[in-house]
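Read through the structure below, which is laid out as structure tokens, and then see the notes.
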Amino acid sequence: MRSLALALALLLGVGAGSGCVVVRAHQRENLARRSMTQDRDAGEARFGQHQTGSREGADGGTGEPGGGCGCN
């Protein structure tokens, strides 16, 4: 039973360690593409905020932490 637990722990350690890799310089260009980012460009973000404000009847509160009324 102990050897099974040791083998399982070793397998888990090898599996977890194999996920840690160094991204080389020639591979970073694929990660820097615009399609890999989660944020939209400024025009799309502004339109999305306008659309949300129109739907919900509330606008603002996106730039600073605090209440929705704009007072601090």
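Just a few scattered comments:
- Condition broken by Arg40, with the remaining ones in (1) of a type in the set (Lys, Arg); (2) at pLDDT 70 or above; (3) in a loop (DSSP other than H, G, I, E, B) satisfied: (2)
- Subset of region 43-72 that is modelled with pLDDT under 80 and of a type in the set (A, V, I, L, M, F, W, C) - its residue that is surrounded by the fewest Cβ atoms within 10 Å (Cβ to Cβ): Cys71
- Flag for Ala25 being over 18 Å from the mean Cα position of the chain (by Cα) and exposed (fewer than 10 other Cβ atoms within 10 Å of the Cβ): yes
- Among (1) within 26 Å of the chain's Cα centre (by Cα); (2) among the polar types (S, T, N, Q); (3) at pLDDT 75 or above, the one test that Ser35 misses: (3)
The values are calculated or read from the model by the stated rules, or taken from the named source; none is laboratory data. This structure is a prediction, so every number in the text was calculated from the model and none was measured. Ideal geometry is used to build each Cβ from the backbone, glycine not excepted, and the neighbour counts take in all protein chains shown.
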